């Protein structure tokens, strides 16, 4: 299986489908889940300092035998580590835990107003020093990005946010397209909260797929880099078995109407 990729605004290639890695701290589920995802064809792994599992992700990659150059690794800067010196220290710690010299993508995890510009300037330095192949933002909506862009020298390559039909904000996708920023969506499966939605169940039956597969495919067809997460081997395989069907335009439009602002994380629109 070859997963399609997208070209970011700095010319690097990023897989359109990958895996998240969030799991409870001290969990022994992360390493096998990442190994199973790699086995299923995954080449994009999303982690974060705040998840407490960068070492487990690194060990899974090492044990897979897959060359480092074939795997796209994302990690993120936590809120308490923002600001000039703290950002640099946090970035170095992430690289050490991941066992790498260069990360493929480094994201600011959440918008923190008092450090917004200072933190982005540090990410720009990390990028220009060649220690991150791309830099971007997580949980930043257009108002936050616009503020950063007033002083930024480098446009973010990625804007990562929660993305499912139930949190679908077309104006956010439109904004990212206009700014030439690639959208990336996390929690496409809404942590199972909508798996029994009768509308979703009916569509899944129509396509002979699971509701989870339908949600992933919907996200991909919006051109959004998608990172479903699971710690179950069969579910992980299912998450990557979504490239053999296409949701019709009519059904995509129908799913676009499912919005009810169901989220598994805080709504960034509430953050100044």
Tell me which residues, restricted to region 222-235, are buried (at least 24 other Cβ atoms within 10 Å of the Cβ) and not in a loop (DSSP other than H, G, I, E, B). 225, 226, 227
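Among the residues of region 36-51, count how many are part of a loop (DSSP other than H, G, I, E, B) and in contact with a strand residue (DSSP E or B) (Cβ under 7 Å, 6 or more places away or on another chain).
4
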Filtering region 61-73 down to residues that are in contact with a strand residue (DSSP E or B) (Cβ under 8 Å, 6 or more places away or on another chain) and without any contact (Cβ under 8 Å) to a residue 40 or more places away in the chain yields 61, 71, 73
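Kindly establish whether residue 135 is crowded, with 20+ Cβ neighbours inside 10 Å and under 16 Å from residue 48 (Cβ atoms).
Yes.
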In region 64-93, what count of residues is obtained for those that are buried (at least 19 other Cβ atoms within 10 Å of the Cβ) and over 17 Å from the mean Cα position of the chain (by Cα)? 5
Please go through region 170-193 and pick out each residue that is without any contact (Cβ under 8 Å) to a residue 60 or more places away in the chain and either within 16 Å of residue 255 (Cβ to Cβ) or assigned to a helix (DSSP H, G or I) (or both). 171, 172, 173, 174, 175, 176, 177, 178, 185, 188, 189, 192
Among the listed residues 38, 17, 8, 44, which satisfies the condition of being more than 15 Å from residue 98 (Cα to Cα), modelled with pLDDT of 95 or more and crowded, with 22+ Cβ neighbours inside 10 Å? 17
Please go through region 105-155 and pick out each residue that is touching a strand residue (DSSP E or B) at 6+ places or on another chain (Cβ under 9 Å), farther than 23 Å from residue 186 by Cα and assigned to a loop (DSSP other than H, G, I, E, B). 131, 154
Output the residue which, of all residues in region 22-35 that are at pLDDT 95 or above and in contact with a strand residue (DSSP E or B) (Cβ under 9 Å, 6 or more places away or on another chain), is surrounded by the most Cβ atoms within 10 Å (Cβ to Cβ). 34
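One residue is enough: does region 206-221 have a residue meeting the conditions more than 18 Å from residue 17 (Cα to Cα) and in a helix (DSSP H, G or I)?
yes
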Taking the conditions exactly as written (within 15 Å of the chain's Cα centre (by Cα), part of a helix (DSSP H, G or I) and within 26 Å of residue 241 (Cα to Cα)), does residue 61 satisfy them or not? no
Residue in region 164-178 that is surrounded by the most Cβ atoms within 10 Å (Cβ to Cβ), counting only those that are in contact with a helix residue (DSSP H, G or I) (Cβ under 6 Å, 6 or more places away or on another chain) and closer than 27 Å to residue 73 by Cβ: 164
Taking the conditions exactly as written (within 24 Å of residue 149 (Cβ to Cβ), modelled with pLDDT of 95 or more and assigned to a helix (DSSP H, G or I)), does residue 93 satisfy them or not? no
Which numbered condition residue 55 misses (of (1) within 30 Å of residue 115 (Cβ to Cβ); (2) touching a residue at least 24 places away in the same chain (Cβ under 8 Å); (3) part of a loop (DSSP other than H, G, I, E, B); (4) over 18 Å from the mean Cα position of the chain (by Cα)): (3)
Among the residues of region 236-252, the number that are crowded, with 17+ Cβ neighbours inside 10 Å, in contact with a strand residue (DSSP E or B) (Cβ under 9 Å, 6 or more places away or on another chain) and not in a helix (DSSP H, G or I) is 1
Options 214, 189: the member that is more than 17 Å from the chain's Cα centre (by Cα), crowded, with 22+ Cβ neighbours inside 10 Å and more than 27 Å from residue 9 (Cα to Cα): 214
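The values are calculated or read from the model by the stated rules, or taken from the named source; none is laboratory data. Predicted model only: the values in this text are computed from it and were never measured. Using ideal geometry, Cβ is built from the backbone for each residue, glycine included, and neighbour counts are taken over all protein chains shown.
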